[in-house]
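Single-structure report; data block below.
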Amino acid sequence: MNEKNFKLIRNVLIIGIGTVFSKMISFIMTPFFSSWLSPSQYGIYDLIATYVSLCVPFVTLQLDQAVYRFSMERKECGNYYYKKVIQFMIPVVIVVAFVVYFLMYFNRFQNGIILGFLMYFISLSFYSVFSEYIRGKNKLIAYSLLSITTGVLLIIFSVILVKKFMLGVAGLLISFALSYGLTFILFQLYFKPFKITQKDNKDIKSLLKYSIPLIPNNISWWITNVSDRTIINIIIGSYYNGIYAICCKIPSIIFGVFNLSFQQIAMEETDIHNQKKYYNELIKKVVKILFLGSIIIVSFTPIIYRLFLKNDYWKGIDCVPVLLCGAVYLSLAQYVGDILLVKKKTLWIGGSTICAAICNVIVNIIIIPYAGILGASIATMFSYFLMFVIRLYSNKNFFYSKNLVLYIINYTVIFIVFTILILNYKSNTLINCLLAIISILFFFILNIKEMKKIISRLKRKDR
């Protein structure tokens, strides 16, 4: 196993521990949230939380990505970039907070929800910049601990505010805000990022020149992620939006861990000849791991729903495989997008995201009235697939496209066959357990060569 592959696996494990832990905490807490809140309340919370993600790019101006990118190039100047960005953000946060307050106040939101919203987006904005600063300095263990700490604090605050004091949607928003905010403060005190070790000639204008073009791309991502929830809420109500929100929790686990790890490698790799060979070999391994991993998740989904969720949420179980398939295509789109980022083809990145967002809105409007939340799942999957195809086409001279497409089709068919079999017996606990065991064995059998290489490399490292 070459150095890059081992480095990627190491990054996946380090980042994965923190990312999966925080996502699992969020998922594990979901049954409690669903018992403390009605589906309608949970739907309102989920919709508000997604609107928080719209405010963050306007507050940060995507400077978190600039801090990451510039810190990767000159780690010794990371503190300088971070300080510049925080100083610039403070007045922006104040202005945006006032605008959001008056918009929510005149739309007659409850005071508690307004407070929770403001606390949430402010704490998340500063947290986002700090987390990218940590990652840009290549402190991946600290980055992972950041996520773990946030997850633990979320449990504590949500139990106190939502369960004990029964503050409902407002309590849940404030819980997330406090978990992000307190983690941000604690890690600030430890790392002392404002202690400048070395300056650079780049000012805030240089950072903005890099970050501002990323805002339309981020907003397009937001439209893709939020349009289905908004349209569900308008057409069939917040009750179904709550059910759909739970469906999205499981697929979210698959996305993010590999993407962050790969981006770390992509930013460091500069040999174009080696890139082409390496990325073509790696994407096939990624396709196999993601689809086989998704089969395992689908096989456990009926068990998870039966053990942890109320009967109301069972209506959304058929959406999970569709959303998982979409998450795979999203991961592949992000994979190709990171290569485009390295090659500075940012126009294709933004263009593909905008096309996916427009497609998602149109398909949602057409299909949700007839197919409900399953229609929203299909729209999401199709939009992510479109994004991947556009980005792959833009890199057609970089990938062996025909072979790759056939490879993806093969694993998509395998995923569909397993999914049909699993959902056909979703009410039978014994068969569910057997299929879960079979899916795990299937994963290990098809990845036996890679696992042997990893074990062999680890043994050599120990010597």
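The values are calculated or read from the model by the stated rules, or taken from the named source; none is laboratory data. Bear in mind the structure is a predicted one, so any value in this text is a computation, not a measurement. Backbone-built Cβ (ideal geometry, glycine too); neighbour counts: all protein chains shown. Accessible surface is based on the protein model in full, side chains and every heavy atom, while ligands, DNA and RNA are left aside. Shrake-Rupley method; radii C 1.70, N 1.55, O 1.52, S 1.80 Å.
Put +1 on the Cβ of each Lys and Arg and -1 on the Cβ of each Asp and Glu in segment 278-381; which of Ala379, Ile297, Ile365 then has its Cα farthest toward the positive end of the dipole?
Ile297
Could you order Arg391, Arg74, Arg108 by accessible surface area, starting with the largest, using a probe radius of 1.4 Å? Intermediate values should be presented prior to the final figure.
Working: Arg391 5, Arg74 70, Arg108 215 Å².
Descending order: Arg108, Arg74, Arg391.
Given an 8 Å cut-off on Cα distances and at least 6 residues of separation, report the relative contact order of the chain as a percent.
21
Quick check on my link table: of Lys249/Lys284; Lys209/Lys285; Lys83/Lys249; Lys23/Lys284; Lys23/Lys163; Lys163/Lys249, which ones sit more than 28 Å apart, alpha carbon to alpha carbon?
From Lys249/Lys284; Lys209/Lys285; Lys83/Lys249; Lys23/Lys284; Lys23/Lys163; Lys163/Lys249, over 28 Å: Lys209/Lys285; Lys83/Lys249.
Given +1 on the Cβ of Lys and Arg, -1 on the Cβ of Asp and Glu, and no further charges, what dipole in debye does the chain carry about its Cα centre, rounded to the nearest 20?
Rounded to the nearest 20 debye, it is 1400 debye.
Given 10 °C and 1.306 mPa s, how large is the Stokes-Einstein diffusion coefficient of the chain in µm²/s, with Rh as the Kirkwood radius over Cα pairs?
Estimated diffusion coefficient is 69 µm²/s.
Between segment 129-162 and segment 195-226, how far is it from one alpha carbon centroid to the other, in angstrom?
21
Report the residues of segment 289-332 in range of a label on Leu430: point 7 Å along Cα→C-beta, backbone N strictly under 16 Å from it.
Flagged as within label range: none.
Every cysteine in the chain with no other Cys Cβ under 4.7 Å from its Cβ, please list them in numeric order.
Cys55, Cys77, Cys248, Cys325, Cys355, Cys359, Cys433
Report, in whole Å, the centroid distance computed from the Cα atoms of segment 345-420 and segment 275-295.
Segment 345-420 and segment 275-295 have Cα centres separated by 17 Å.
Below 21 Å Cα-Cα, how many Lys pairs turn up in segment 309-445? Only count pairs eight or more apart in sequence, or on different chains, if you could.
Pairs that pass both the separation and distance tests number 5.
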